[in-house]
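The values are calculated or read from the model by the stated rules, or taken from the named source; none is laboratory data. Every value quoted in this text rests on a predicted model; they were computed, and no experiment measured them. Every residue, glycine among them, receives a Cβ derived from its backbone with ideal geometry; neighbour counts consider all protein chains shown. Only protein heavy atoms, including side chains, enter the accessible area calculation; ligands, DNA and RNA are left aside. Shrake-Rupley method; radii C 1.70, N 1.55, O 1.52, S 1.80 Å.
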Amino acid sequence: MKMITSMKKAQRGMGMLGILFTVGLLAFFMTVLLKLGPLYADFWTLRSIMVEVSAQNSAIEGGARGVSGVIEKRMDINNVRSVTMSDFSIEKRDQGQFQVTLNYEQREHLFFNVDAIVSFEYQVDVKAQ
């Protein structure tokens, strides 16, 4: 009988303070994930659009404007609204080659007076006529 009571004293769970700390930590990370997740999802979508445009077998007609038009159409199809074409820079490299660079920052309010600033940059080479 004495052995059972001594085991109960030795087996203790997490206290109320530990539970509150764990719940608070979980709430913090869930808030960050839910606020910043869509920003990263948009960037990954834009990055895949840029890779698809650069991997096209046929050259895009219209030079820099043509490249810009193709990217803009794909952004509309994929419902990317947080980034505009002004965040892209298109520079001519060689004959029929353009370097497309995406460079932008987004600010997201997390809680109270805490904001997160996330910066994204990606670059591809595209064939155009």
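Between MET14, MET30, MET75, the GNM of the chain built on Cα springs shorter than 10 angstrom shows MET14 fluctuating the most.
With a Förster radius of 30 Å applied to the beta-carbon distance between GLN123 and LEU33, the computed FRET efficiency rounds to 0.65.
When only the Cβ of Lys, Arg, Asp and Glu is charged (+1, +1, -1, -1), the dipole of the chain relative to its Cα centre reaches about 1080 debye. Computed in the context of the full set of protein chains, the accessible area of the chain at 1.4 Å probe radius has 57% of its extent on carbon or sulfur. Springs between Cα atoms under 10 Å define the GNM used for the chain, and in it the highest mean-square fluctuation of GLY37, GLY15, GLY66 occurs at GLY15.
Could you list the residues of segment 91-125 with an amide nitrogen less than 17 Å from a label point located 7 Å from the Cα of ALA41 in the Cα-to-C-beta direction? The answer is 108-109, whose backbone nitrogens lie closer than 17 Å to the label point.
Per residue, the accessible area of segment 24-74 comes to 60 Å², computed with a 1.4 Å probe over protein heavy atoms only. Modelled label positions at ARG93 and ASN57, each set 7 Å beyond Cα in the direction of Cβ, lie 2.2 nm from each other. Among the trypsin sites (Lys or Arg not before Pro) within segment 54-107, those in coil by DSSP and having at most 14 neighbouring Cβ atoms inside 10 Å are ARG81, ARG93. Potential lengthening of the chain between ILE19 and GLU108 amounts to 29.2 nm, from the contour at 0.36 nm per residue minus the alpha-carbon distance.
Restricting attention to the chain, lysine pairs at least eight places apart or on different chains and with alpha-carbon atoms under 29 angstrom apart total 4. Phi-derived couplings, Karplus 6.51 cos²θ - 1.76 cosθ + 1.60 at θ = phi - 60°, listed residue by residue for segment 23-35: 5, x, 5, 5, 5, 4, 5, 5, 4, 4, 5, 6, 7 Hz, with x used for Gly and Pro. Taking the centroid of alpha carbons for each part, segment 48-74 and segment 96-121 are 22 Å apart.
The relative contact order of the chain, computed from alpha carbon pairs under 8 Å that lie at least 6 residues apart in sequence, is 25 percent.
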